[in-house]
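J.: Below are the structure tokens for one structure; questions will follow.
The values are calculated or read from the model by the stated rules, or taken from the named source; none is laboratory data. Being a predicted model, the structure only gives us computed values, none of them experimental. Because the Cβ atoms are built from the backbone with ideal geometry, glycine has one as well, and the counts that use them run over all protein chains shown. Calculation scope for accessible area: heavy atoms of the full protein, side chains included, ligands and nucleic acids excluded. Shrake-Rupley method; radii C 1.70, N 1.55, O 1.52, S 1.80 Å.
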Amino acid sequence: MLAAELRLHDVRVLVLEKETEPPSAVRIVGLHIRSLELMAMRGLLERILPHGRKRPASAYFAAIAKPAPPGLDSRYAYLLGIPQPVIERLLEEHAIEQGAQVRRGCVVAGFEQDDEGVSVELADGERLRSRYLVGCDGARSTIRKLLGVGFPGEPARTESLMGEMEVGVPPEEVAVTVAAIRETHQRFWLRPAGVGVYSVLVPTAGVSDRAEPPTIEDFKQQLRTIAGTDFGVHSPRWLSRFGDATRLADSYRVGRVLLAGDAAHIHPPIGGQGLNLGVQDAFNLGWKLAAQIHGWAPETLLDSYQTERRPVAEAVLDNTRAQTELLSTEPGAQAVRRLLTELMDFDEVNLHLLEKITAIGIRYDFGAGPDLLGRRLRDIDVKQGHLYDLLHRGRGLLLDRTERLTVDGWSDRVDHLADSAAALDAPSVLLRPDGHVAWIGDDQQDVNDHLSRWFGKPAH
């Protein structure tokens with residue numbers, strides 16, 4: 001995703017992928033509301049939708065099932081379940097179409113940076129030179145370790161096995177047994193994932209070496225321990241294990257080297273926020289890094305990547321910690337869970353938790369101003385159709401309801417739409433390329449000041 005965002009701004013970019021082949025495990029991942037909005041901003045959503053399955057939006061906080069509250073402020077108020085290999089393939093194709101180069105089977109062994117760029121050494125001895133390097137290389141990030149950035153937090157205390165496999169008993173028997181167990185064990189399920197195939201989640205007795213892949217026998221043993229039966233599971237499609245380790249990088253940037261996605265933060269997978277958090281990192285970083293490379297970035301723009309995204313990751317770590325505690329079978333945790341279940345019947349509570357999980361409640365600190373300042377703007381109707389259709393090129397946008405403002409001097413970076421009928425409760429707004437509101441007002445000098453703040457000095 002980051003490669004595609006950089007290419008929108010004509011930055012040469014090379015993706016080094018350690019794996020020689022795309023992933024084969026057909027696990028399902030979920031795109032939450034905010035990620036769907038970002039895909040719509042780049043014209044990707046229509047390409048992705050046919051490959052996924054829409055599900056009703058719900059906070060599903062700590063696996064507490066409640067219907068979505070009224071007042072969801074989005075045109076894309078649903079969850080899209082999509083196979084991980086499919087979304088990875090679609091995003092890779094998108095990046096390549098934009099002009100990115102992708103090289104598989106390339107392992108970074110080391111790098112050195114100086115005032116002009118970064119020299120990267122691959123495991124086969126090849127050396128590459130770039131202006132910047134971004135580690136998008138996961139929880140065990142080589143880039144983060146070589147950079148010497150701390151990754152403090154808590155190690156895994158619990159572990160679960162997850163996979164897809166066939167079962168050897170009737171669906172009715174599965175449903176009755178699972179329903180009884182889930183009254184007290186929320187870290188357990190068998191869910192239909194196709195004809196005769198089930199998605200299986202079962203807790204383990206301890207924490208093991210995650211480098212060792214689980215076996216079908218591991219699943220059978222834990223199923224018998226928890227459910228008293230192994231359901232006759234067989235013929236696995238894929239098997240994995242995950243823990244509840246929670247860690248956050250001390251810094252997202254050291255000089256010309258940056259971190260994004262799981263390389264910068266890891267947390268329990270409850271709520272399905274990890275992939276979404278990483279994609280949203282890329283949208284925040286892409287245009288800022290491109291601006292830095294092209295030389296028009298204001299002095300603090302690239303550093304705002306960390307100041308904006310690290311607090312978001314902290315909040316996700318906190319909400320996954322809270323959800324994990326609420327999955328405990330201990331009496332105290334169960335009592336708090338029952339209380340929260342009652343509180344989520346209040347629409348305000350339910351909406352607050354849903355906005356956390358789906359990331360539509362994020363507000364970056366852009367200083368004092370109306371509540372909309374720093375928030376993302378929903379996909380409102382404008383005279384040319386939908387607002388997000390105007391953001392496909394990854395540029396800023398001045399949505400001008402006064403019809404008397406201009407972006408003269410910044411027109412190479414910012415588009416202008418004069419539309420007095422736009423469905424917006426503000427005179428005019430300046431949007432960044434990631435759709436967040438950078439300014440609200442009706443004064444030309446004021447908007448010029450904010451154009452300079454976010455998009456650098458005018459071209460003339």
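J.: In the chain, carbon and sulfur make up what percent of the accessible area (probe 1.4 Å)?
T.: Here carbon and sulfur together make up 51 percent of the probe-accessible area.
J.: Any chance you could run the full-extension gain for ARG224 through ASP381? It's 0.36 nm times the residue separation minus the Cα-Cα distance, nm to one decimal.
T.: So the chain would gain 51.1 nm between ARG224 and ASP381.
J.: Ok, one more. Evaluate the distance, in nm, between pseudo-label points positioned 7 Å from the Cα of LEU372 and of HIS416 along their respective Cα→Cβ axes.
T.: Result for the modelled spin labels: 2.0 nm.
J.: Which order do you get for ASP434, ASP115 if you rank them by accessible area with a 1.4 Å probe, largest at the top?
T.: Accessible-area ranking of ASP434, ASP115, largest first: ASP115, ASP434.
J.: Which of the chymotrypsin sites (Phe, Trp or Tyr not before Pro) across region 322-372 are loop residues per DSSP, with 14 or fewer other Cβ within 10 Å?
T.: Passing both the DSSP loop test and the Cβ count: PHE346.
J.: Which of the residue pairs LYS18/LYS356; LYS66/LYS220; LYS145/LYS288; LYS18/LYS288 have a Cα-Cα distance greater than 28 Å in the structure shown?
T.: LYS18/LYS356; LYS66/LYS220
J.: Give the long-range amide H neighbours of ALA297: residues separated by 5 or more places, or on another chain, with amide H under 5 Å away, using H modelled in the peptide plane at 1.01 Å from N.
T.: Those qualifying (amide H under 5 Å, at least 5 residues apart or on another chain) are GLN292.
J.: Counting only heavy atoms of protein chains, what accessible area per residue, in Å², does region 262-349 have with a probe of 1.4 Å?
T.: 41
J.: Any idea what the dipole of the chain comes to, in debye rounded to 20, about its Cα centre with Lys/Arg Cβ at +1 and Asp/Glu Cβ at -1?
T.: 520
J.: A follow-up question, please. Let me check against my output: what whole-number percent is the relative contact order of region 358-409, with C-alpha pairs under 8 Å and at least 6 apart?
T.: 19
J.: Could you give me the ³J(HN,Hα) list for region 343-360, computed from phi with Karplus coefficients 6.51, -1.76, 1.60 and θ = phi - 60°, whole Hz, x at Gly and Pro?
T.: Result, rounded to whole Hz: 5, 6, 6, 7, 4, 5, 5, 4, 5, 4, 5, 5, 5, 5, 5, 8, 6, 7.
J.: Can you tell me the FRET efficiency between ALA335 and ARG157 if r is taken as the Cβ-Cβ distance and R0 is 35 Å, rounded to the nearest 0.05?
T.: My answer for the efficiency is 0.95.
J.: Something else about it: Take the alpha carbon atoms of region 95-135, find their center, do the same for region 59-90, and report the distance between the two centers in whole angstrom.
T.: 34
J.: I need to check one value: relative contact order of the chain, counting alpha carbon pairs closer than 8 Å and at least 6 residues apart, in percent.
T.: Averaging sequence separation for qualifying contacts and normalising by length gives 17 percent for the chain.
J.: Here is a further query. Spelling out what I want: for every residue of region 146-159, take phi, set θ = phi - 60°, compute 6.51 cos²θ - 1.76 cosθ + 1.60 (Karplus), and round to whole Hz; glycine and proline get x.
T.: Once rounded to whole Hz, the list reads 5, 6, x, 7, x, 9, x, x, 10, x, 4, 9, 10, 9.
J.: Accessible area per residue, 1.4 Å probe, Å², for region 159-248: what's the number?
T.: 48
J.: If the cut-off is 19 Å between C-alpha atoms, which aspartates and glutamates fall inside it for LYS457, apart from same-chain ones fewer than 8 positions away?
T.: By straight Cα distance, LYS457 reaches GLU299, ASP303, ASP408, ASP412, ASP415, ASP443, ASP446, ASP449.
J.: Hey, can you grab everything whose amide H is under 5 Å from the amide H of VAL134? Only 5+ residues off in sequence or another chain; H modelled, so Pro and N-termini drop out.
T.: Under 5 Å from the amide H of VAL134: LEU258.
J.: Among SER74, SER58, LEU91, whose Cα sits farthest toward the positive end of the charge dipole of region 49-97 (+1 at Cβ of Lys/Arg, -1 at Cβ of Asp/Glu, about the Cα centre)?
T.: Comparing the listed Cα positions along the dipole, SER58 ranks first.
J.: On to the next question. In region 357-422, what trypsin sites (Lys or Arg not before Pro) fall in a loop by DSSP, with at most 16 other Cβ atoms inside 10 Å?
T.: When the trypsin sites (Lys or Arg not before Pro) of region 357-422 are filtered for loop state and at most 16 Cβ neighbours within 10 Å, LYS383, ARG393, ARG404 remain.
J.: Compute the accessible area per residue over region 2-81, keeping the other protein chains in place, probe 1.4 Å, unit Å².
T.: 47
J.: In debye to the nearest 20, how big a dipole does region 1-53 give about its Cα centre with +1 on each Lys and Arg Cβ and -1 on each Asp and Glu Cβ?
T.: It works out to roughly 120 debye.
J.: What distance in nm separates the simple spin-label points at ASP408 and VAL169, each placed 7 Å from Cα in the Cβ direction?
T.: The two pseudo-label positions are separated by 7.6 nm.
J.: Between region 215-267 and region 322-387, what's the alpha-carbon centroid distance in Å?
T.: For region 215-267 versus region 322-387, the Cα centre distance is 25 Å.
J.: Set Lys and Arg Cβ to +1 and Asp and Glu Cβ to -1, take the dipole of the chain about its Cα centre, and tell me which of THR229, ALA179, PHE455 lies farthest positive.
T.: Going by the charge dipole, the pick is THR229.
J.: Further, regarding this structure: In debye to the nearest 20, how big a dipole does region 61-110 give about its Cα centre with +1 on each Lys and Arg Cβ and -1 on each Asp and Glu Cβ?
T.: For region 61-110, the charge dipole is close to 120 debye.
J.: Whole-Hz ³J(HN,Hα) for each residue in region 322-334, computed from phi via Karplus 6.51 cos²θ - 1.76 cosθ + 1.60 with θ = phi - 60°, x for glycine and proline: what do you get?
T.: Result, rounded to whole Hz: 4, 5, 4, 4, 6, 8, 5, 8, 5, x, x, 5, 5.
J.: Accessible area of TRP238, 1.4 Å probe, to the nearest 10 Å²?
T.: 20
J.: Could I have the simple spin-label model distance between ALA109 and VAL176, label points 7 Å from Cα toward Cβ, reported in nm to one decimal?
T.: Taking the simple label geometry, ALA109 and VAL176 are separated by 6.1 nm.
J.: Pull up the DSSP beta bridges for the chain and report the antiparallel fraction as a percent, rounded to 5.
T.: In the chain, DSSP labels about 80 percent of beta bridges as antiparallel.
J.: If you don't mind, another one. Of all the stretches in the chain, which is the longest one without any exposed loop site, taking GluC sites (Glu not before Pro) in a DSSP loop (any state but H, G, I, E, B) with at most 12 other Cβ atoms within 10 Å?
T.: 184-298
J.: Whose amide H sits under 5 Å from the amide H of VAL382, counting only residues 5 or more places off or on another chain, with H placed in the peptide plane?
T.: Amide H neighbours of VAL382, under 5 Å, 5+ apart: LEU387.
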